[in-house]
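The next block holds one structure in the form of structure tokens; read it before the comments.
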Amino acid sequence: MPYDDTFVKQLEPFIPHLSEAKFYGGEPFLINIYYEIWDLIFRLKPKVRIFAQTNATLLNEKIKNLIKRQRFEVSVSLDSLDKNNYEAIRKNASFENTMRHIEWFGAHQKNMTVITTPFRLNWKEIPDIVRFCNKNQYIFNISPVYHPEHLALWSLSKEELSEISDFYASANMPQHSWLERKNNAVFGELLQAIKYWIECKENQPSFNNYYAGYIASNETPDKENITVSDMDIDQAVIDFISRIKSCGISDEKANWFIKYIDGFETPIKYPFPKRLILHYLQRIHTAEELVHIYNTSSEEQFRQRIASAFNKISEMYIYDRRT
């Protein structure tokens, strides 16, 4: 069912209560109804923070006026700094135009985020993209590729992954400013993931088949809703503790994690128990991955992962205490 003016009208009672609004999926600046929603936000509550992720292939006066008028925080996707490679990845796009657009977006907000998708066509460029972000005061982040398998890094051979690992380990990133340290931490997280895949391939020759099946089995259709009860959540807690302890986590650390979730401060009050997150985390990660994330994440990275998981839960789950 397409959205229309009636849908926009239905948003009016909610907008005065907004503190932020996020627009993702496709290219937001090509979606006409978004402009109507942004106009409505400007009319009813102009101080709302608006997050939008763009590929930066489009920038015109209409978009510029929006950015200047409202509290936009734009993140841009950038997968290559090489013209030929960029235009091979981003079909029908102009590298020069995109770089000009990124420069404009970056000049009109503080610490813009650049999101890179590391995969087989661009893995050698990741250190240069981090340096580009450091130089221009952009925050660097990554969006992992898990499928299609033939483009993902995880499906490469142990020898190929070792080459990538050695290349990244020799990058010698500066860590003088808070931004450089933050960007290097994200880059380091990618390196740790690659080392984890290498270790898995050494210990499990059939890792690729297992991991591909695991990814497929844990994909959740956009419209799927998972109904859970208090009993389901209690069982998820028991399973979670058992699984991470089997990977070497002590009772003390396992109990700390449960207390951390119980005390986690969320920006809004969700209509479900916080421990529901343990059901979700086990749905998307193996026990080994959960322990790896715990051991390699900084305090801030760990907090951001948990905050992101709470957002996902609110989209996926239906909490029914009666079942």
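Structure data summary
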item: Matching residues, segment 116-131, being buried (at least 19 other Cβ atoms within 10 Å of the Cβ) and within 19 Å of residue 54 (Cβ to Cβ); result: 116, 122, 129
item: Lone qualifier among 306, 238, 318 - being surrounded by 14 or more Cβ atoms within 10 Å (Cβ to Cβ) and either among the aliphatic types (A, V, I, L, M) or in contact with a Gly (Cβ under 7 Å, 6 or more places away or on another chain) (or both); result: 306
item: Residues (free of Cβ contacts under 8 Å to residues at least 12 places away in the same chain and assigned to a loop (DSSP other than H, G, I, E, B)) located in segment 151-173; result: 170, 172
item: Of residues in segment 174-226 being in a loop (DSSP other than H, G, I, E, B) and at pLDDT 90 or above, the one nearest to the chain's Cα centre (by Cα); result: 177
item: Any hit, segment 244-251, residues being of a type in the set (S, T, N, Q) and surrounded by 14 or more Cβ atoms within 10 Å (Cβ to Cβ); result: no
item: Some residue of segment 144-152 being more than 20 Å from residue 197 (Cβ to Cβ) and touching an Asp or Glu at 6+ places or on another chain (Cβ under 9 Å); result: no
item: Residue among 84, 141, 97 that alone is loosely packed, with under 15 Cβ neighbours inside 10 Å, of a type in the set (S, T, N, Q) and closer than 21 Å to residue 27 by Cα; result: 97
item: Whichever residue in segment 127-138 is of a type in the set (S, T, N, Q) and out of contact with any Pro (no Cβ under 8 Å at 6 or more places or on another chain) and, among such residues, is farthest from residue 84 (Cα to Cα); result: 137
item: Looking only at segment 257-288, and only at residues there that are in a loop (DSSP other than H, G, I, E, B) and among the hydroxyl-bearing types (Ser, Thr, Tyr), the one that is surrounded by the fewest Cβ atoms within 10 Å (Cβ to Cβ); result: 266
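The values are calculated or read from the model by the stated rules, or taken from the named source; none is laboratory data. Being a predicted model, the structure only gives us computed values, none of them experimental. Reconstructed Cβ throughout: ideal geometry from the backbone, glycine too, with neighbour counts over all protein chains shown.
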